[in-house]
Amino acid sequence: MELEKIYKLFDKLKIIDLNCNPTYYKEVNMDKESFINRSYNIGDDTIVIGIYDNKEYKCASFFHELGHILTDVIIENKYYREIEAWRIGLNKAEKLKVKFSKDCYKWINAQIETYSKYKHKR
Ligand SMILES: [Zn+2]
């Protein structure tokens with residue numbers, strides 16, 4: 001499923017895709033670098049999708065940010081909070097029959113790994 005079609009399924013969310021808003025980073029006083037292969041969620045209704053070469057990674061990132069929004073538990077620890085967002089988001093993707101390749105799952109694991117430094121912090 002094309003990501004644009006997936007966005008439409010979540011019409012209550014404000015989705016800012018840097019492909020369509022290439023100068024968004026300037027509006028928020030950030031540098032472009034911060035949006036390379038990175039996405040963000042703002043509050044409980046906005047997702048900012050960064051700039052990706054890989055469409056699948058981009059799609060997976062959308063579901064991760066969605067996971068942050070859909071999570072209804074508060075997890076203090078950042079590492080476990082990130083894992084929970086992946087779990088919820090990937091569950092949602094599965095329900096919509098959005099599938100990811102092995103390569104994409106490897107990438108997701110690498111993303112989770114970047115948070116492992118927070119594993120034992122509060
Ligand atoms: Zn996250």
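The values are calculated or read from the model by the stated rules, or taken from the named source; none is laboratory data. Please read all numbers here as calculations on a predicted model, not as lab measurements. All Cβ positions, even for glycine, are placed from backbone atoms using ideal geometry, and neighbour counts span all protein chains on display.
Values for this structure:
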item	result
Tally of residues being of a type in the set (A, V, I, L, M, F, W, C) and in contact with a Lys or Arg (Cβ under 8 Å, 6 or more places away or on another chain) across the stretch 61-92	4
Failed item in (1) over 21 Å from TRP86 (Cβ atoms); (2) out of contact with any strand residue (DSSP E or B) (no Cβ under 7 Å at 6 or more places or on another chain); (3) of a type in the set (Ser, Thr, Tyr), with TYR57 passing the rest	(1)
Evaluation of GLU65 against (1) in contact (Cβ under 8 Å) with a residue 40 or more places away in the chain; (2) within 11 Å of the ligand (Cβ to nearest atom) (one fails), failing number	(1)
Unmet requirement for ALA60, which otherwise passes all of (1) in contact with a Ser or Thr (Cβ under 7 Å, 6 or more places away or on another chain); (2) under 19 Å from ASP103 (Cβ atoms)	(1)
Matching option when the condition is surrounded by fewer than 15 Cβ atoms within 10 Å (Cβ to Cβ) and modelled with pLDDT of 95 or more, among LYS78, LYS99, LYS92, LYS117	LYS99
Selection from the stretch 16-32 of residues that are surrounded by 12 or more Cβ atoms within 10 Å (Cβ to Cβ) and outside any loop (DSSP other than H, G, I, E, B)	ILE16, ASP17, TYR24, TYR25, LYS32
Residue within the stretch 16-25 that is within 14 Å of the ligand (Cβ to nearest atom) and under 14 Å from the mean Cα position of the chain (by Cα) present	no
All helices (runs of 4 or more DSSP H) inside the stretch 33-121 with 2 or more residues being of a type outside the set (Gly, Ala, Ser) and farther than 27 Å from THR23 by Cβ	78-95, 102-113
